[in-house]
1. Just need a number here: residues in region 348-381 that are under 30 Å from E611 (Cα atoms) and open to solvent by less than 60 Å² (accessible area, probe 1.4 Å).
2. Which strands (runs of 3 or more DSSP E) does region 141-241 wholly contain that include 2 or more residues that are under 23 Å from S70 (Cα atoms) and aliphatic (A, V, I, L, M)?
3. Only residues that are farther than 20 Å from Y71 by Cβ and either modelled with pLDDT of 90 or more or open to solvent by less than 60 Å² (accessible area, probe 1.4 Å) (or both): list them for region 121-140, please.
4. What about L197, is it within 23 Å of L303 (Cα to Cα) and open to solvent by less than 60 Å² (accessible area, probe 1.4 Å)?
5. Considering region 578-593 alone, what residues qualify as being more than 20 Å from A221 (Cα to Cα) and of a type in the set (A, V, I, L, M, F, W, C)?
6. State which residue is modelled with the highest pLDDT when the search covers only region 38-56 and only residues that are assigned to a helix (DSSP H, G or I) and open to solvent by 40 Å² or more (accessible area, probe 1.4 Å).
7. How many residues does region 350-374 contain that are within 16 Å of G442 (Cβ to Cβ) and assigned to a loop (DSSP other than H, G, I, E, B)?
Amino acid sequence: MIKKLLISGILLATGFAGYGGASWWAGFRIQSQSYAAVDALNLHLSRSWSDQVRLSARAYQRGIFSSESSYVLSFPTNKDSTSDTKREILFINRITHGPFPLANLLKGDFVAIGAIIQTESVQTPWTETLFNAKTRQPFVTGQTRVDTNGVATLAWSVQPLEFRDDALGVKFGGAQLKAELGPQLKTRKGELLLESLNVTDGLTTVDLKGAKVQMDARLGASGLPVGLHTREFNKLTWSSVNAATLELEKFKVRSELKLEDAEFSGVTDINIGALSIAQKKIGAFKLAFSYDKLGDRALSSLLELYHRALTNLAMNALDPEPLSTPEIKKVWLYLQSLLKSNPNLHLEALTWETAAGKSQLTLNTRLNPAELASGGIGLRSNPIDTLDATLTISQPMVNALVLQLLQKPGMPAAKIKSLADREARRLADLAIQLKLGRVQQGKLVSHFNVQDGELRINGQRSTPEPLLKLLGSFIPVRFFVGQSSGGQEGPDEALSLRHLDPEVLGAILSDSDFAYEETRDSDGDLVLKVAPGDAGAHSIEIIFSGCRKDPTCEDVLLRATYSAAQSAPLKFFNDWNLRNRWARVYVNDSGTPILEMDISAYGGIGQDAIEAMVSTFFKLVRDFSKELRAAEKVGSGTPTPTPQ
């Protein structure tokens, strides 16, 4: 009997020790994955929002069966703010380790997991007004279930609140997030629901109701999510005492991206159920277009800039800030890069419909590469290789819209109708006089065709002037205007650089707050040694290759060298090279990671292009540093908290 009890006790103790060991190992893995997830999230925030919005680990206390960690989400301080309060949101995670938590076993749940994480926000000086607005309940709460493969299933909620800070008033109806995220955010699937949001400063008001964001995507080689994205809301109203009120109803955008051989293709559908301006109903709009042969790196950079601008617009909806000149130049630079792969664009249908009729535009075009214009804004030549478009305008629809626009209180209805009919006829006559279309069964139909540099309107050769005259006040036409063949072009400073001058690169570095010194390597080539600052590299050099005593070069090598102690699996470096085509990474004989990028001035290069390439290089250095740190933590198995 004693022997049986002893054996049973040994078996029980062994089982308990095994259970504890498995739980401890699960906690170890969760801690490693959490730091990798933080780095991946910060990389995502920098690409879609701002480098200054960061999530950092404050503390991590790991036990055998459970752990507790805290994270801080930091925002940049408003430049106009007089407060010294840090703009921070603090989150506490209470983690129950797998693979078989006792609470789950008691419930009859025998599925192996990595961990169950309970998250809630905690009051900070900056969020004190949120907690005092209604109750002391956490503003954000959620549960995350991590499986044994590192896939996290989230069920989070944000509580409704209403508060006022001086003239700013906010009413938030709450939000729900359900998502499934793969390790390091490489796969993303889920849905965000926002009940309502009203923001006002007394002069401008933005009111949003019933918003929904859905995603089912994976990270492509360039870091861009590939897959399905949907964004929609029931109603959005923007009103101001200084401008007409704008209302959008039943708005929905659905995009699906595919990636093959480093080129994107996809389809996008946009629907606006109803548009009203100044309480006048303008109609419903539908847009369906497809595209292919878009270079992954250029599209990724362009969309990154777009997401940043969209986020800034959302954060400053009451007082939107226009794009700066450097940002506009970047847009044109990325657009010019997209043209290099001769993309195709297909406008399946753009429809505008009211109760009186429907107008429609269809378009198919193939684009050619083109050089940037002087100053880096616009293109120096017409990028259209071929174009085929058909525009159909409903005359009854135009008549009804003109009638609505002319209506004024106190004006007789007969006079309004007479003015509307006359204005509608004038527009139709103008189109016919300019030979832009034919009237058929109450519709003005125009067919446009561009091929071999010639524009045809309804089959007849034509110059673009009549079309530009009609459209000039609605869309930018610089795209369609080629260079003048007559006269001699004046000097173009943006394209006059035939060699790369150290003074030019030095000025760019100084403008970006990078300190540097000039030296020469063993071959006598000039080298600019750049202080890495917060870029994350051990050293950064700009090498004027093969110049010898010549102060300028056609080729320059930009190199970032990391510490030999910064190691990661070779697969990490190979994967990074596949995703980033503008720079390359390799490991030298001593195991030191090195990132390199070339700039060539052969044939001439503009200073704006040089600035953009140098900016791209330092951005890649920062991105690689973040990913390398994440790979180190996963590979070493000995994660350490990010210092606060």
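The values are calculated or read from the model by the stated rules, or taken from the named source; none is laboratory data. Remember, predicted model here, so these are calculated numbers, not experimental data. A quick note on method: Cβ atoms are made from the backbone with ideal geometry, for glycine too, and the neighbour counts reach across all protein chains shown. These accessible areas exclude ligands, DNA and RNA; they are computed on the full protein's heavy atoms, side chains included. Shrake-Rupley method; radii C 1.70, N 1.55, O 1.52, S 1.80 Å.
1. To start, the set of residues in region 348-381 that are under 30 Å from E611 (Cα atoms) comprises 366-381.
Among the residues that remain, those that are also open to solvent by less than 60 Å² (accessible area, probe 1.4 Å) are: 367-368, 370, 372-373, 375-381.
Residues that pass the stated criteria total 12.
2. Numbers: elements: 152-158, 161-165, 168-172, 175-181, 187-200, 204-219, 225-240.
It comes to 152-158, 175-181.
3. A133
4. Working: within 23 Å of L303 (Cα to Cα): no; open to solvent by less than 60 Å² (accessible area, probe 1.4 Å): yes.
So L197 fails the test.
5. Passing the criteria: only V587.
6. Filtering region 38-56 for residues assigned to a helix (DSSP H, G or I) gives 38-48.
Checking the rest, the ones that are also open to solvent by 40 Å² or more (accessible area, probe 1.4 Å) come to 41, 44, 47.
Details: L41: 79, H44: 73, R47: 69.
Result: L41.
7. We begin by selecting, within region 350-374, every residue within 16 Å of G442 (Cβ to Cβ); these are 352-360.
From what is left, the residues that are assigned to a loop (DSSP other than H, G, I, E, B) are 355-356.
Qualifying residue count, region 350-374: 2.
Results for (1) among the acidic types (D, E); (2) modelled with pLDDT under 80; (3) open to solvent by 60 Å² or more (accessible area, probe 1.4 Å); (4) out of contact with any His (no Cβ under 8 Å at 6 or more places or on another chain), shown as yes or no for each residue.
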position	(1), (2), (3), (4)
R62	no, no, yes, yes
E68	yes, no, yes, yes
L73	no, no, no, yes
T77	no, yes, yes, yes
D84	yes, yes, yes, yes
I89	no, no, no, yes
R94	no, no, yes, yes
P99	no, yes, no, yes
L102	no, yes, yes, yes
